[in-house]
Amino acid sequence: MKETDEREKIIKLFMPFENKIFPVRNRFVRAATWLAACRGDGRATSASISRQVEAAAGGAGTVISEFAYISPEGRALDRQWGIDGDDALPEVRALADAIHGAGSKLIVQICHAGCAAEAKEGARPYSPSGGRCPGNDSETAAMTREDIKKVCRDFAAAAKRAMDGGADGVEIHGAHGFLLTQFMSPLINKRTDEYGGSFENRLRAMREVYSAVRGAVGEGFSVWLKLSAVEGADGGYGAEEGIGAALTLLADGVDVLEVSSGTGYSKPQHAPSVVGVSSGESEAPFAKYAAEIRSKAPKNSLVLLTGGLRSLPVIAALLDDGTADLFGISRPFIAEPDLINRWAEDDARPSACVSCNACFRTSEYGAIDCPIMRDRQEGDWDPL
């Protein structure tokens, strides 16, 4: 009887999720990750597109694109996708058409790196209040109010390009230590105006970005937001403010709130790509945050949990107990692009991903892949 109950819970993960907010073919989402497969000028390549389409062909009901910078000064990494100009429109269309052809939906993730931006000779990255940021030795320039307004306009323009290119939605990256996290952070944000100090003030920039994006795309287009529930560093914000931010943005009208955790300078237990996750007790380290957000969220919204999901029984239990509505998987898709199809075909072994993060080191010589599972990979691996 217990095995039957568990199987019914697992089957629900693969069934169409009919709802008024974002109906999808199943509950699995390919969470965003940098692929290091674009050209140096930010233009997409056949490799960067095919790598994302693999997850759709492999069974993911929704694919969140690799994170795309909204302006040159907001670029985080070399070979990152850029959606900062209309020359990205054909790339969005190509990606959307291919993902739709595989039966999935596309969400384009847009981001400004702030003080985590790629270092450029003769220029200082932006940050909320200048100085040096944790994890970055570069001096930064304090943003003016006009700089903040420009960031809002750049997010809005990028979202409009995603919509015009045929994507099904856009996700604002407010997590992992990038610009909007920096505004949230009492560790980084030392402003004394309306963008600093109190929790309400530190959240203002993120809310204004959402408002600008919504104004650009209208009510009929899906707008998601990714948030670190905790900053995960001494002097940073904790779960009370992180959960409060999530609920505030959902009340503002965000359709789907993706719950993650931490930053590049977090303590290991809060890092976005937690090392050493395996199936069983160590899975879903951020589930408690998603559960609280889901229990208090408006009914006209969805919660997506990302981070350390490796096995069907655990994910099914999280759906059954109401922790989240959708489930984001990132590193396992690097190891096994066809993971969801494998699970659907009654091979219910946990993901082969061992959470070693060796995949990120492969960017030194090409597109990110899994060196452990490389022989099983498929597709065009030429980053150029």
GNM flexibility winner over the chain from HIS100, HIS173, HIS112 (Cα, springs under 10 Å): HIS100
Paired Rg and Dmax values of segment 160-262, which use every Cα atom, in angstrom: 13.6, 42
With Cα atoms, 0 to 90° folded angle of helix 89-101 axis to the chain main axis: 20
Viscosity 0.890 mPa s, 25 °C: Kirkwood-radius Stokes-Einstein D of segment 77-116 over Cα pairs, µm²/s: 209
Spin-label model distance (nm) - THR192 vs LYS288, 7 Å beyond Cα toward Cβ: 3.8
Whole-percent carbon and sulfur share, accessible surface of the chain, 1.4 Å: 50
Normalised convex hull volume, segment 161-214, alpha-carbon set, Å³ per residue: 84
Per-selection Rg to Rh, segment 95-136 - Cα, Kirkwood hydrodynamic radius: 1.29
Equivalent ellipsoid dimensions for segment 35-133 as semi-axes, Å, which come from the Cα gyration tensor, largest first: 29, 13, 11
Student exercise, segment 1-55 dipole from Lys, Arg, Asp, Glu Cβ charges, in Debye to nearest 20: 160
Stretch gain in nm, segment ASP320-ASP87, where the contour uses 0.36 nm per residue and the Cα spacing is subtracted: 79.5 nm
Fluctuation leader among MET373, MET163, MET206 - the chain, Gaussian network, Cα springs under 10 angstrom: MET373
Full-extension gain in nm, ALA94 to ALA239, via 0.36 nm per residue minus C-alpha separation: 48.3 nm
Label corresponding to Rg and Dmax of the Cα atoms in Å when calculated from the structure given, among [x] 29.5, 94; [y] 19.3, 67; [z] 25.1, 90: [y]
Gaussian network model of the chain, Cα within-10 Å springs - most flexible of GLU258, GLU292, GLU146: GLU146
Computed label-point distance, nm, for sites PHE360 and ARG7 using a 7 Å Cα→Cβ extension: 4.0
Straight-distance crosslink candidates among lysines, where the alpha carbon sits under 30 Å from LYS20 and sequence neighbours closer than 8 are dropped: LYS9, LYS12, LYS105, LYS160, LYS226, LYS288, LYS296, LYS299
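The values are calculated or read from the model by the stated rules, or taken from the named source; none is laboratory data. Here the structure is a predicted model, which means the values were calculated and not measured. Cβ atoms come from the backbone with ideal geometry, glycine included; neighbour counts cover every protein chain shown. These area figures cover heavy atoms from the full protein model, side chains too; ligands, DNA and RNA do not enter into them. Shrake-Rupley method; radii C 1.70, N 1.55, O 1.52, S 1.80 Å.
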